[in-house]
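Reading through the structure tokens given below for one structure.
The values are calculated or read from the model by the stated rules, or taken from the named source; none is laboratory data. Remember, predicted model here, so these are calculated numbers, not experimental data. When we count neighbours, we look across all protein chains shown, and the Cβ atoms used for this are built from the backbone with ideal geometry, even at glycine. With ligands, DNA and RNA removed, areas are computed over all heavy atoms of the protein, side chains included. Shrake-Rupley method; radii C 1.70, N 1.55, O 1.52, S 1.80 Å.
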Amino acid sequence: MTQLTVISVGTLKEDYLRAAVAEYEKRLSAFCRVENVTVKEERIPDESDETAVKAALRAEGERMLSRVP
């Protein structure tokens, strides 16, 4: 059976979004195995400049790439 890996940044806080993810996992389970991988969200200070944002995105991207099967 095919393996589907979904990699995302941060956790879902809203109940309706978590319910939607569960519903899609249930629907897809007939066709493939689904694995949800969540990587830690990089915190950016409120008063951040463009370099801080780019560094945070780079760090999140590297975490995501490290989890690619």
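Okay, residues lined up against (1) in contact (Cβ under 8 Å) with a residue 40 or more places away in the chain; (2) among the charged types (D, E, K, R); (3) touching a Pro at 6+ places or on another chain (Cβ under 9 Å):
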| site | (1), (2), (3) |
| --- | --- |
| ILE7 | yes, no, no |
| ASP15 | no, yes, no |
| ALA19 | no, no, no |
| LYS26 | no, yes, no |
| VAL34 | no, no, no |
| GLU41 | no, yes, no |
| ASP46 | no, yes, no |
| THR51 | no, no, no |
| GLU62 | no, yes, no |
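Filter the range 7-57 for residues that are open to solvent by less than 60 Å² (accessible area, probe 1.4 Å) and assigned to a strand (DSSP E or B) and give the result.
ILE7, SER8, VAL9, CYS32, VAL34, VAL37, VAL39
State the number of residues belonging to the range 8-33 that are hydrophobic (A, V, I, L, M, F, W, C), closer than 24 Å to GLY61 by Cα and in contact with a Ser or Thr (Cβ under 8 Å, 6 or more places away or on another chain).
Total meeting the criteria: 1.
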